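Worksheet: one structure, shown below.
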Amino acid sequence: MSKPRVAIFDFACCEGCQLQIVNLEEEIVDLISLVQPVEWREAMTEHSEEYDIAFIEGSITRPQDEERIKQIRGQAKILVALGSCATTGGINKLKNNFDLNEVKKCVYGEAADMPHLDTAMTKAVDEVVKVDYKIHGCPINRDEFSYIVRCLALGKEPVIPNYPVCVECKKRENECRFEFDEICLGPVTRAGCNAPCPSAGFWCYGCRGYVDDPNVNAAKDVLEKYGKTIEDLKHKMLLFGSKQEHTI
Ligand code: SF4
Ligand code: SF4
Ligand code: SF4
């Protein structure tokens, strides 16, 4: 049986999720026994326009990005969004809360009007094309990436958690961050990371995106219990949960 050909593409991002893949080190050798990388700018020089599975890192932030992702989608049998920039728009969506001309001036100063610096509202990949699977997180969890690649190579359906981070956090017997007068997004955020942030003494800032059907009433109860409001929670959500609200 021939191995599925895999391509990894990046759009607007820090490339930290690709770095997580590189950091798999010897496990990459195992994965290469199951799939054949044919395009991966960060790690190889070869290029190919023939691939079966496309992993997409990064957000869609320019009109030309939309054309490119549509072309990739047309070629790939399976398209996987890799990391929160791709799955939700991630931290890149912060700019959607501001006037984009102001954002450009802030970043590029006097050069902001140069045509090659044109920008647009940030979109997650599935706001432009169909996405088959999402590997959540900023950055992605290496073990989860490896698991999903193995599933796809073997034709199995990967199981991606659809319950909140609190479940994993409680299993690790962490003291809740609300007890420290903090706001934690664990009650509404998709698990699968094994709650590293609360386990290290930080609140969950929601990098894996929300569970499909967050238990808003339970979250409200927690907030009330600790004297916090929904507005407090929404403010915390801006980092990884900003929407498209403004236009250029
Ligand atoms: S999800 Fe985070 S680590 Fe991954 S590319 Fe985006 S900013 Fe970087
Ligand atoms: S709210 Fe945060 S710290 Fe508290 S249990 Fe849930 S994930 Fe853990
Ligand atoms: S605990 Fe929250 S912020 Fe930390 S990795 Fe998991 S989802 Fe992301």
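Looking at (1) part of a strand (DSSP E or B); (2) within 22 Å of residue 198 (Cα to Cα), which is the one condition that is false for residue 80?
(2)
I'm checking my understanding of the structure. Among residues of region 13-58 that are farther than 25 Å from residue 156 by Cα and crowded, with 19+ Cβ neighbours inside 10 Å, which one is nearest to ligand 2 (Cβ to nearest atom)?
13
With of a type outside the set (Asp, Glu), within 16 Å of ligand 1 (Cβ to nearest atom) and within 20 Å of residue 88 (Cα to Cα) as the only criterion, which of 184, 204 stands out? Spell out how you get there, then give the answer.
Numbers: 184 fails: within 16 Å of ligand 1 (Cβ to nearest atom).
204 is the lone residue from the list that is of a type outside the set (Asp, Glu), within 16 Å of ligand 1 (Cβ to nearest atom) and within 20 Å of residue 88 (Cα to Cα).
Pairs please, first residue from region 167-179 and under 20 Å from residue 210 (Cβ atoms) and more than 6 Å from ligand 2 (Cβ to nearest atom), second anywhere and of a type outside the set (A, V, I, L, M) and not in a helix (DSSP H, G or I), Cβ atoms under 6 Å, 6+ apart in sequence or on different chains.
If the second residue must be of a type outside the set (A, V, I, L, M) and not in a helix (DSSP H, G or I), the pairs left are 168/194.
Within region 1-25, work out how many residues are within 21 Å of residue 49 (Cβ to Cβ) and either of a type in the set (D, E, K, R) or within 16 Å of ligand 3 (Cβ to nearest atom) (or both).
3
State the number of residues belonging to region 19-68 that are among the small types (Gly, Ala, Ser), outside any loop (DSSP other than H, G, I, E, B) and modelled with pLDDT under 95. I'd like the intermediate steps shown before the answer.
Restricting attention to region 19-68, the residues satisfying the condition of being among the small types (Gly, Ala, Ser) are 33, 43, 48, 54, 58-59.
With outside any loop (DSSP other than H, G, I, E, B) added as a condition, the list becomes 54, 59.
Add one more test, that the residue is modelled with pLDDT under 95, and what stays is none.
Result for region 19-68: 0.
Of all residues in region 81-119, which are crowded, with 18+ Cβ neighbours inside 10 Å and either small (Gly, Ala, Ser) or touching a strand residue (DSSP E or B) at 6+ places or on another chain (Cβ under 8 Å) (or both)?
81, 82, 83, 84, 85, 86, 87, 89, 90, 92, 93, listed by residue number.
Can you tell me which residues in region 186-204 are near ligand 2 (Cβ under 10 Å from one of its atoms), of a type in the set (A, V, I, L, M, F, W, C) and closer than 18 Å to residue 140 by Cβ?
191, 195, 197, 204 - these are the residues of region 186-204 that are near ligand 2 (Cβ under 10 Å from one of its atoms), of a type in the set (A, V, I, L, M, F, W, C) and closer than 18 Å to residue 140 by Cβ.
Where in region 164-248 are there helices (runs of 4 or more DSSP H), lying fully within it, with 1 or more residues that are modelled with pLDDT under 95, surrounded by 12 or more Cβ atoms within 10 Å (Cβ to Cβ) and of a type in the set (Val, Ile, Thr)? Quick ask: steps written out before the conclusion?
On the way: elements: 165-171, 196-199, 216-225, 230-241.
Hits in region 164-248: 216-225, 230-241.
Look at residue 207 and say whether it is touching a Cys at 6+ places or on another chain (Cβ under 6 Å), away from ligand 2 (no atom under 11 Å from the Cβ) and not charged (D, E, K, R). Outline the logic, then answer.
Working: touching a Cys at 6+ places or on another chain (Cβ under 6 Å): yes; away from ligand 2 (no atom under 11 Å from the Cβ): yes; not charged (D, E, K, R): yes.
Yes.
The values are calculated or read from the model by the stated rules, or taken from the named source; none is laboratory data. Treat the numbers as computed from the prediction; the structure is a model and nothing was measured. Every residue, glycine as well, gets a Cβ built from its backbone with ideal geometry; the counts of neighbours run over all protein chains shown.
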